[in-house]
Each structure stands twice: as C-alpha cells, then as structure tokens.
Amino acid sequence: MSGADYCPNTPGEILEMLDSIGVGSIEELFEVIPPELRAGSLGLPKGMSEFETLRRMQGLAEKNSRKLIHFIGGGFYDHFIPSVVNHMAGRAEFYTAYTPYQAECSQGTLQALYEYQTAICALTGMEASNASLYDGGTALAEAALMALRITGRNRLIVDGAVNPFYRQILRTYLKNLQVELVETTPSADGAGREDIRLHVDDGTAAVILQNPNFFGCIDNLADLAERTHGAGALLVATVYPVSLGLVKSPYEMGVDIVSGDGQSLGNPLSFGGPSFGFIATRREYIRSLPGRIVGETVDVEGKRGFVLTLQAREQHIRRHKATSNICSNQSLCALRGLLFLCSIGKRGFAELATLNRDKAEYAKGVLGGVRGISVWNRTPTFNEFTLTLPQDARKVVEKLLSRGIAGGVPLGDWFRGMEQCLVVTVTEKRSREEIDALAENLEDALWS
Amino acid sequence: MELIFEKSVAGRLGVALPDSDVPGSDFLPGNLLRTDPPPLPEVGEPELVRHFTNLSQRNFSVDTNFYPLGSCTMKYNPKVLEEVAALFSGCHPMTALLPGGHIFAQGSLELIYCLGRMLCEITGMDEVAAQPLAGAHGELTGIMIIHAFHKARGNRKHIVIVPDSSHGTNPASAAMMGYEIVTIPTAPYGDMDMNLFRKAMNGEVAAVMMTCPNTLGLFNPHVGEICAIAHEHGALAYYDGANLNAIMGKARPGDMGFDVIHLNLHKTFATPHGGGGPGSGPVGVKKELIPFLPVPRVVKIDDGAYALEQENPLSIGRISGFFGNFAVLARACAYIVLLGREGLVRVSEQAVLNANYLQEKLKKYYDLPYDISCMHECVFSAARQLKQGVHALDIAKFLIDKGFHPPTVYFPLIVKEAMMIEPTETESKANLDAFIAAMIEAAELAEKNPQALMQAPVTMPVKRLDEVKAAREINVCHLLAQGTGHKARD
C-alpha cells in the first residue's frame with residue numbers, strides 16, 4: 001500500500017456496491033467523460049505514510065529561520081496566545097463543521113459567532129458586526145464598497161498612512177468600478193487633515209483612515225468625522241484591535257464603518273494566514289453589511305436560539321445582486337478571536353494594551369537615543385512608531401537580520417521619500433533585554 | 001444556553017499577563033483614551049472551558065456525524081494535517097518581504113511553490129496563485145485576471161455567461177468586477193442548453209463560467225466544445241473547482257480547454273471547514289495569463305532559492321494581505337504528499353462510487369430529475385413528498401433527529417425542492433446504508449404521517465427556529481440588545 005487515502009470500503013464492499021448500481025467496475029462510472037478529455041496518470045510521487053509525510057514537512061519547516069526576534073508588524077503581530085485558545089478551537093466539533101445552514105444542529109457555532117459579534121461591538125463600540133471576513137485588507141475593501149452602496153456616490157478619499165498593502169487591495173477591488181480614489185500625503189501629525197478637508201465634497205462616499213496609522217500615529221478622528229458627515233460622506237477606519245484596550249472607540253470618534261485584522265486576537269502568525277477580518281457599523285447600516293450575520297431568535301417553544309439572518313443580502317439568494325460575493329468567512333479564526341478576548345477578559349485586555357504601550361514607549365526612548373536616530377512621529381503612538389535613520393533603512397534591516405533580529409519594517413519600498421524611515425513594533429512579548437539588544441545592534445549597524 | 005457575557009462577574013480575572021519589565025508611561029493624552037475598558041466578559045478559565053466545550057457539543061461535525069452537505073465536500077480531515085500546520089505557526093509573513101528576508105523563509109516559500117506545481121499537475125494548468133483566501137475570493141481573483149487580460153488587448157467585453165445551475169458566487173463575483181451577467185438555462189438533459197449558449201455567445205462576452213461536474217453532479221460531455229466556442233469568440237473559459245473531488249486523475253480542466261480555474265482546498269484537499277472557514281481558493285491559469293496573476297508571487301530564482309516577485313506591470317495587483325491562508329496551504333500540501341498519485345485517483349473513484357450507490361438506492365423513493373450516472377453527488381427532488389405537504393426542509397430536519405447532517409437543500413435552484421447529497425469518499429458502505437434507511441423512513445413517513453416530519457427536529461437543544469423574527473427584530477449584538485456598554489453618539 002502506498003500511502004493512506006482514508007477510503008474505508010473493502011474490496012468486498014466495493015463489489016457489492018457496484019452490483020447494486022448495476023455496473024461491472026468503477027471505471028464504467030467514468031465512461032460519461034469523453035475519451036479525448038481523459039487524463040493520463042498524474043505526474044506526482046506515490047503516496048507516503050503519515051510518518052514520512054510529517055518528516056518531509058518538518059524538513060521544510062526547518063528551512064525557515066526560527067530564531068528571529070520580531071520587531072516587525074505591518075498588519076500581523078507577534079502576540080501571546082493563551083493555551084485555552086488552542087484547546088477550545090481545537091475541538092473537532094468546531095473545526096470539522098461547516099457554515100451553520102442547519103441551525104438546530106449548529107447551535108454551537110452559531111452562538112459562538114453571536115458572542116464574537118458582541119465582542120467586536122464591545123471593542124469598537126459599534127452596534128452591529130458581521131460574523132467575520134477574510135482578513136484586514138479585504139475587510140477594508142468591503143467597508144469601502146459598503147460606503148459606496150450606502151451613499152450611492154463614487155469617490156473615496158484614502159489617507160496615505162493606511163497600510164500600503166490595504167491600499168493596494170483597495171485599488172485592485174475598485175479597478176473596474178468607475179470609482180475615483182484620492183490618496184492624501186502621509187503626515188507625521190496623523191491623518192492628512194489638510195488634504196482631506198480640501199477634497200471632501202458632496203460627491204464623496206467615504207473618507208478612509210487607519211488608526212493607529214501605518215506609522216504608528218494615534219489620532220482623535222472626531223473633527224474629521226464632523227467634516228466628513230457635513231459633506232454627507234461616511235467615515236471608515238481600519239483599526240488595530242489590541243489598541244482598543246486603551247484608545248477611545250471608533251464609535252465615540254464618530255466612525256461609521258470600522259474594520260481591521262483579527263490576527264492579533266489569538267491567531268498565530270502562520271506566515272500570513274489564516275487570520276480574520278472584522279467589520280462593524282452603526283445599526284442604521286446593518287442591512288448593507290457583507291457576509292454572514294448571526295441573529296438571536298426563539299424556537300417554536302420560545303426557547304432562545306441563533307440563526308444566520310438577513311440572508312437576503314447574500315450571494316446564494318441574490319446571486320449577482322448580493323452585497324458581496326463572500327460565501328465562507330474565517331469562522332474558526334473568529335472563534336479564536338472570541339476565545340482570546342474572553343480568556344484575557346475585560347481587565348486583562350486593558351492591561352495587555354497598557355503593556356504594549358509601555359514597552360513601545362520604553363523602546364522609543366532607547367532607540368530614539370541612538371546616535372543619529374530620531375523619532376519621526378509628532379503624535380502619540382501605541383505599540384508601533386517610526387524612526388528616521390541616518391541612512392537607507394533597508395540596508396540597516398538587512399544587517400540586523402543577519403544578527404537574528406527582524407528590527408522593523410523599512411518604508412523605502414512603499415513610501416517615496418521615506419527611505420530612511422523604519423517602523424518598529426514592540427508587543428508584550430518583547431523583553432527589556434531584547435529591546436536593549438536591538439538598540440545596541442542598531443548603533444553597531446549604523447556606526448561600525 | 002447562557003451567553004459567555006451573561007456568565008461574567010465583575011472583578012473575576014482570566015488568564016494572567018506577565019508583569020511589566022519597563023517603566024510605566026502615561027503618554028496617551030485624555031482625548032485619545034477610553035474612559036472604561038471594552039465591556040468584555042470577566043470569566044475564569046474553568047468556566048470558559050466548560051462554556052465552550054458545552055457549546056461545541058451543540059454542533060454536528062464531520063468528526064461526530066455523517067455530513068453529506070452537497071457541493072461542500074465534507075470529507076474526513078486527517079489529524080496529521082493539524083500537526084503539519086502547527087510547524088509553521090511562528091513564521092512572521094513580513095520577514096519574507098524585508099530586504100534579504102526571503103532567505104529566512106525558504107521553507108514556507110518552497111511549500112507554496114511546490115503546492116503550486118502539484119496543483120498544476122492535478123488540474124492541467126500552467127501556474128497557480130495561492131493568495132485567494134476562499135473559493136469565492138478565488139473566483140473574484142479569476143474574474144479580475146480575465147478582465148486584465150482583455151484590457152491588455154484593448155477588448156471592451158462586458159458580459160459574463162453563467163449557467164442557471166451555477167453557484168451563486170459565480171454571478172456575484174463577476175458582478176463585483178462590473179460585468180453584466182447573462183444566465184443560460186439548463187436543457188432537459190441536465191446541462192447548459194447548447195443552442196441557447198451558442199445564441200448568447202458573441203464578441204461582447206468576456207468569459208463563460210462553468211462548474212464541472214456541474215451542480216447536478218453530472219459531467220457535461222460538451223464541456224470541451226463549450227470552451228472551444230468561447231475561444232472562437234475571443235472569450236475565456238472559467239472553471240469553478242468546487243467539484244474537482246470527482247475527477248482527480250480522470251480528467252483535468254486544463255485539458256478540457258479552461259483558461260482560468262479556482263480550487264477549494266478545503267473541499268478537495270481535506271482541510272477542515274472550521275465552521276465556515278478558513279478556506280483557501282488558489283487560482284490556476286494557462287501560460288498566456290501568468291503575467292496577470294496577483295502579487296506577491298513566489299518564484300524560483302537562479303541560485304535555486306525561492307523569492308517573491310512583488311511587482312509586475314500587468315498583474316491585477318494585491319488581493320489579500322500576504323501569501324494566502326498559509327496554514328491551509330500547508331495542510332493541503334501534506335494531504336497531496338500523503339495520498340500521492342494513486343491515492344488521489346482512489347479518492348475520486350470512491351467519491352463517485354459512494355454517490356452512485358446512494359442515488360441508486362434512493363431513486364425508488366424520491367424523484368430523480370436527471371436519471372443518469374452521477375459523479376460525486378446526486379440531486380433528488382422532494383416534489384413527490386410535497387404532495388403530502390412535506391418539503392425538502394422537513395426531510396432535512398428529520399435527518400437531524402436520525403443523527404445525520406442534512407444534505408444541501410434548495411440548491412441548485414433549478415430543481416424544485418432540491419436535496420443535494422455528497423457522501424464523499426471517506427464514508428463506509430455501512431454509514432451510507434444507515435443514511436439510506438433514514439431517507440427511506442422519511443419517504444414513508446411523508447406518506448403515512450407527514451406531521452411527524454414537520455415537527456422535526458425534536459432531539460436537538462432547540463426546535464425549529466423563528467427566522468422571520470430574527471430578520472424583523474434584529475438582535476445581532478448582546479450589548480445592544482441589553483442596552484448596556486454602549487455610549488450614545490455624541
């Protein structure tokens with residue numbers, strides 16, 4: 001036998017089944033495929049045992065460097081994950097189920113997603129969340145599409161300090177939709193206020209911001225919300241969920257649609273996925289949300305239960321008139337997000353945010369004190385900040401990598417004129433010793 | 001069951017965090033700070049574990065029940081795949097994008113590259129992009145590639161053709177790229193009506209989107225001709241890979257003439273469905289479409305190392321944050337390695353055998369709109385039972401009481417009272433026989449005691465739920481429903 005196939009039927013059972021069907025061989029069942037379309041044998045290796053497969057995959061994993069100390073973020077963050085998250089999300093009743101179309105035998109997934117939606121509303125202050133989207137970048141694109149639908153306008157103003165990958169995704173999504181996309185110039189003072197004030201008008205569907213932005217600047221968006229709403233446009237923000245343990249909620253700042261990436265809530269880095277995207281809004285816009293939404297209801301005896309609701313928005317009913325083409329979401333990752341938030345809890349979540357802020361402030365002080373380095377941000381920051389180095393940051397990062405430190409994300413590839421800038425991320429997992437070592441190595445890389 | 005939020009007690013602590021080893025800071029000014037922390041639950045770990053363990057037990061899943069949900073390929077997910085995914089959990093995706101950083105991510109990049117090569121071999125395509133995060137996301141990506149291809153040639157084609165039996169995501173994805181949708185009805189023989197298709201084809205058509213086998217579980221023998229007709233008019237042929245599980249090693253979409261495909265790794269390649277994701281929807285293309293694939297792309301460079309191509313003037317651009325749902329890619333890669341060339345063929349053979357066995361055993365009891373040999377799934381109609389007032393939904397709910405997850409019901413839309421059954425290859429004859437017995441019992445009850453079916457299910461934690469109330473009296477957030485935790489808008 002070459003490898004497993006998880007097909008349990010014995011040769012005897014197979015014969016019995018063929019007999020019932022009334023054919024002489026399995027091959028007969030494939031005779032409907034015209035001969036000219038039949039494939040030859042697959043050019044793949046033969047199967048392997050579980051042991052050999054695992055060894056082969058371990059070999060691949062060992063080709064990755066496992067010893068890097070991460071001071072990099074850019075959308076994905078190296079946060080601590082409590083064991084209970086892995087254990088509960090590792091229950092096969094959760095991870096081997098599918099979309100809860102049949103509510104009565106899917107109450108576990110449905111209630112968990114309702115609790116997830118509630119937790120996202122708790123973080124963002126919003127009144128309605130869906131049951132998750134793919135990732136932070138596509139969630140922002142969906143938020144933009146939602147704003148276009150709600151306002152019926154076709155102009156978007158995107159702040160230049162929104163994650164460059166997210167802006168690229170947005171451009172890809174909007175390519176054929178006759179939407180005008182205006183990008184503002186990044187500023188060390190937070191949102192590009194001058195540009196936004198200049199461009200927002202009665203043809204604008206939304207102003208799109210990131211908070212804290214890609215450079216780490218935290219901003220109070222309340223004045224921009226007022227200006228945006230004054231023009232009849234919506235304020236859309238993508239946020240870093242961990243920051244919401246400290247920072248005023250998007251709802252309080254006047255944001256209409258908030259999105260973000262949920263990786264930092266209990267999902268491992270896993271080379272970029274899966275994570276989940278979240279999206280939440282004010283109650284008046286709930287019917288414009290994309291994707292699955294779970295609602296509370298009662299059964300025929302009045303007992304509480306949960307169902308997929310407002311399905312008339314969705315592709316399997318509306319086909320090409322749906323609010324989005326999205327079908328499956330990232331349910332299991334959203335469950336991990338819920339488990340993370342519940343295990344850390346109300347007080348723990350605020351502590352986690354404080355710890356991130358404090359470590360980053362310490363790092364900002366130490367790194368900003370290295371000869372030739374200055375802090376770029378002119379606003380408060382959370383757990384990321386930007387440094388200006390005396391040379392191209394890309395060269396410095398390469399040197400640091402060779403010393404086992406992923407020292408930050410250099411901006412030269414994505415922001416013209418910012419070749420000397422480096423975004424440094426400090427999560428709760430980085431120790432004071434590691435931060436001090438980064439400072440020493442940075443000094444060394446610059447001056448020796 | 002109580003919500004985790006209702007189990008919260010003020011002051012109860014959860015998982016402890018490490019003490020800080022740096023001085024405290026009060027760097028954030030008041031106008032940026034929250035006055036109260038987010039109103040998350042306050043529960044201890046024992047309570048949390050019990051809550052979620054109890055919740056999990058309110059689910060049917062592949063590991064607990066036969067789950068013949070048509071079109072979703074709910075096959076068994078080998079446990080070793082979970083171990084494989086964990087091997088890569090600590091890899092930061094940004095590492096590979098740093099200057100010289102690809103050297104530190106060679107294993108992950110090689111995995112993506114090798115998976116792409118294996119998927120090309122299985123499908124007959126020339127190149128695969130792994131970034132799409134789900135099947136529908138792959139469709140959208142595929143449509144974007146088609147759009148970019150035509151645009152580069154100065155074509156202004158604005159129509160996409162889909163059969164009326166297609167998945168709802170097909171027209172929805174095409175509409176997201178601004179295409180006009182033309183729907184072709186199904187002919188009495190169970191495939192897209194060829195005459196109507198020929199009439200609809202013209203120079204304005206950008207693409208034809210097909211599922212093969214189609215959503216009735218039938219292999220369309222005209223599929224090669226359809227691709228050829230599309231090409232004659234300068235259109236591209238798109239293959240929705242939802243049903244690839246039926247034909248591995250038997251036929252390849254690339255050989256049929258398809259130009260762009262997407263695959264659902266969570267279906268065909270046995271990665272867990274996660275209660276509705278994460279999935280993974282790689283896109284495969286023929287040679288002339290490679291320049292349009294999304295970035296960043298994993299490429300093999302001269303010294304044999306793997307690197308990332310981050311820009312390409314013809315590329316549709318970026319469609320997701322990094323390189324796809326990598327942990328899903330790793331599981332699918334390991335699955336293909338485990339099964340190998342013969343194993344994958346056995347998978348399709350056994351999937352088709354199981355479906356035909358079910359179809360044969362049940363066709364006496366339920367209407368079979370297209371009574372021909374099926375591929376990996378079969379579609380029955382409860383039209384006969386409807387005469388007694390019994391709907392497909394009632395039969396579905398009865399099956400729940402019998403311990404089976406119901407088939408997909410009311411899809412495809414072209415079959416009245418549709419019940420779409422996909423057993424997959426990982427079920428034994430004994431399991432199929434038990435399911436068949438339950439289906440026969442339902443058919444008999446429909447004649448003798450239809451009321452019994454209409455009351456099902458009675459063994460679950462809840463009985464039938466009021467979906468109308470859910471949609472009218474919207475309650476999607478417990479805090480809002482309780483009127484707590486939310487501050488009024490300024």
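Every number in this text was worked out from the coordinates using simple rules, so none of it is lab data. All of these numbers come straight from a predicted model, not from anything done at the bench. Virtual Cβ from ideal backbone geometry, glycine too; neighbours counted across all protein chains shown.
To the nearest 500 deg cm²/dmol, what mean residue ellipticity at 222 nm is calculated for chain A from DSSP H runs of n ≥ 4 alone, each contributing -39,500 (n - 2.57), summed and divided by the residues?
-12000 deg cm²/dmol
For B:422-431, what's the mean count of beta carbons from other chains sitting within 10 Å of each residue's beta carbon?
If you average over the peptide's residues, the count of other-chain Cβ atoms is 3.
With angles folded into 0 to 90 degrees, how steeply does helix A:432-447 sit against the dominant principal axis of chain A? Use alpha carbons for both and round to 10.
It works out to around 70 degrees.
Sort B:393-400, A:380-387, A:307-314 for me by packing, meaning the mean count of neighbouring Cβ atoms within 10 Å per residue, highest on top.
The most tightly packed comes first, giving A:380-387, B:393-400, A:307-314.
Considering the dipole of chain B built from charges on the beta carbon (Lys and Arg +1, Asp and Glu -1) around the Cα centre, which of B:348, B:432, B:54 is farthest to its positive end?
Among B:348, B:432, B:54, the one farthest towards the positive end of the dipole of chain B is B:432.
How are the C-alpha pair distances of region A:83-339 spread across 10 Å bins, as whole percents from the shortest bin up?
7, 32, 35, 19, 6, 1
In sequence order, what are the phi-derived ³J(HN,Hα) couplings for region B:111-124 according to the Karplus relation 6.51 cos²θ - 1.76 cosθ + 1.60 with θ = phi - 60°, rounded to whole Hz, with x for glycine and proline?
With the stated coefficients, region B:111-124 comes to 4, 4, 5, 5, 4, x, 5, 5, 5, 4, 5, 5, 9, x Hz.
Which one of B:282, B:230, A:59 is farthest out on the positive end of the charge dipole of the protein assembly as shown, using unit charges on Cβ (Lys, Arg +1; Asp, Glu -1) and the Cα centre as origin?
B:230
Calculate for chain B the 222 nm mean residue ellipticity that helices alone would give, adding -39,500 (n - 2.57) per DSSP H run of length 4 or more and normalising by residue count, nearest 500 deg cm²/dmol.
-11000 deg cm²/dmol
Round to the nearest 10 and give me the degree value, 0 to 90, for the angle of helix A:164-174's Cα axis relative to the longest principal axis of chain A.
Its long axis makes an angle of about 60 degrees.
Given 37 °C and 0.692 mPa s, how large is the Stokes-Einstein diffusion coefficient of chain A in µm²/s, with Rh as the Kirkwood radius over Cα pairs?
Estimated via Stokes-Einstein, D reaches 134 µm²/s.
Give the peptides B:132-138, B:90-96, B:444-450 in descending order of average Cβ contacts within 10 Å, highest first.
Put in order of decreasing packing, that is B:132-138, B:90-96, B:444-450.
Given the C-alpha atoms of the protein assembly as shown, compute the convex hull and give its volume per residue in Å³.
It is 150 Å³ per residue.
Taking H placed 1.01 Å from N in the peptide plane, check which residues at least 5 places from residue B:251 or on another chain put their amide H under 5 Å from its amide H.
A:39
Could you work out, residue by residue across B:184-192, how many beta carbons of other chains sit within 10 Å of that residue's beta carbon, and then give the average as an integer?
Neighbouring Cβ atoms belonging to other protein chains average 0 per residue here.
For a 31 Å ceiling on Cα separation, which of these pairs sit above it: A:321/B:363; B:363/B:402; A:63/B:267; A:346/A:429?
Table pairs above 31 Å Cα-Cα are A:321/B:363.
Would you mind ranking A:344, A:14 so that the residue whose beta carbon has the fewest other beta carbons within 10 Å leads the list?
Result, fewest neighbours first: A:14, A:344.
What shape does chain B take by its C-alpha gyration tensor, where a ≥ b ≥ c are the square roots of the eigenvalues and a/c under 1.5 counts as rounded, a/b above b/c as prolate, and the rest as oblate?
oblate
For region B:182-312, give the magnitude of the charge dipole about the Cα centre (Cβ charges: +1 Lys/Arg, -1 Asp/Glu; no others), in debye to the nearest 20.
Dipole size: approximately 340 debye.
Averaged over A:435-441, how many beta carbons belonging to a partner chain fall within 10 Å of each residue's beta carbon?
Average per residue, whole number: 0.
May I ask for the net charge around residue A:111, where only other residues with Cβ less than 15 Å from the Cβ of residue A:111 are counted and Lys, Arg are +1 while Asp, Glu are -1?
0
With just the Cα atoms defining each centre, how far is region B:19-56 from region A:1-77? Give it in Å.
Cα centroid to Cα centroid, the span is 43 Å.
Quick check for me: using +1 on Lys/Arg Cβ and -1 on Asp/Glu Cβ, what's the dipole size of region B:382-470 about its Cα centre, in debye to the nearest 20?
Charge dipole of region B:382-470: 300 debye, to the nearest 20.
Once Rh for region A:132-227 is found with the Kirkwood sum over Cα pairs, what is the Stokes-Einstein diffusion coefficient at 10 °C and 1.306 mPa s, in µm²/s?
D, rounded to a whole number, is 118 µm²/s.
Please determine, in degrees from 0 to 90 and to the nearest 10, the orientation of helix A:11-21 with respect to the longest principal axis defined by the Cα atoms of chain A, where the helix direction is its Cα long axis.
Orientation of helix A:11-21: about 70 degrees from the principal axis.
Near residue B:59, within a Cβ-to-Cβ distance under 13 Å, what is the net charge of the other residues, with Lys and Arg +1 and Asp and Glu -1?
-1
Convert each backbone phi in region B:298-311 into a coupling constant with the Karplus relation 6.51 cos²θ - 1.76 cosθ + 1.60 (shift: θ = phi - 60°), then list the ³J(HN,Hα) values in order as whole Hz, x for Gly and Pro.
7, 10, 9, 9, 3, 7, x, 7, 9, 9, 10, 8, 9, 9
Kindly provide the chymotrypsin sites (Phe, Trp or Tyr not before Pro) of region B:255-317 that DSSP labels as loop, not H, G, I, E or B, and whose Cβ sees at most 13 other Cβ atoms within 10 Å.
Qualifying residues, ordered by number: none.
Put +1 on the Cβ of every Lys and Arg and -1 on every Asp and Glu Cβ in chain A; which of A:297, A:425, A:262 then has its Cα farthest towards the positive end of the dipole?
Going by the Cα projections, it comes out as A:425.
If you count, for each residue, the other Cβ atoms within 10 Å and average over each peptide, how do A:74-84, A:277-287, A:17-27, B:334-344 line up from highest to lowest?
B:334-344, A:277-287, A:74-84, A:17-27
Please tell me the relative contact order of region B:82-337 in percent, rounded to the nearest whole number, where contacts are Cα pairs under 8 Å and at least six residues apart.
Once normalised by length, the contact order is 28 percent.
Let me spell out the model: positive unit charges on the Cβ of Lys and Arg, negative unit charges on the Cβ of Asp and Glu, origin at the Cα centre of region A:83-339. What dipole size does that give, in debye rounded to 20?
640 debye
Over all distinct Cα pairs, what is the inverse of the mean 1/r for region B:82-337, reported as the Kirkwood hydrodynamic radius in Å?
Evaluated on region B:82-337, it is 18.5 Å.
Long-range amide H contacts for residue A:182: which residues qualify at under 5 Å (H placed 1.01 Å from N, peptide plane, sequence gap of 5 or more or a different chain)?
A:156, A:157, A:158
Report the net charge of residues surrounding residue A:277, where surrounding means a beta-carbon distance below 10 angstrom and charges are Lys +1, Arg +1, Asp -1, Glu -1.
My count for the surroundings of residue A:277 gives -3.
Residue A:303 versus residue B:9, label points 7 Å from Cα toward the beta carbon: distance in nm?
Placing both labels 7 Å along Cα→Cβ, they lie 2.7 nm apart.
Show me, for region B:209-217, the HN-Hα J-couplings you get by feeding each phi into the Karplus relation (A = 6.51, B = -1.76, C = 1.60, θ = phi - 60°), rounded to Hz, glycine and proline as x.
My calculation for region B:209-217 gives 9, 10, 10, 9, x, 7, 6, 8, x Hz in order.
What residues have an amide H closer than 5 Å to that of residue A:298, excluding those fewer than 5 places away on the same chain, when H is modeled at 1.01 Å from N in the peptide plane?
Sorted by chain and number, the residues that satisfy this are A:305, B:466.
If r is the Cβ-Cβ distance from residue A:62 to residue A:391 and R0 is 30 Å, what FRET efficiency results, to the nearest 0.05?
0.30
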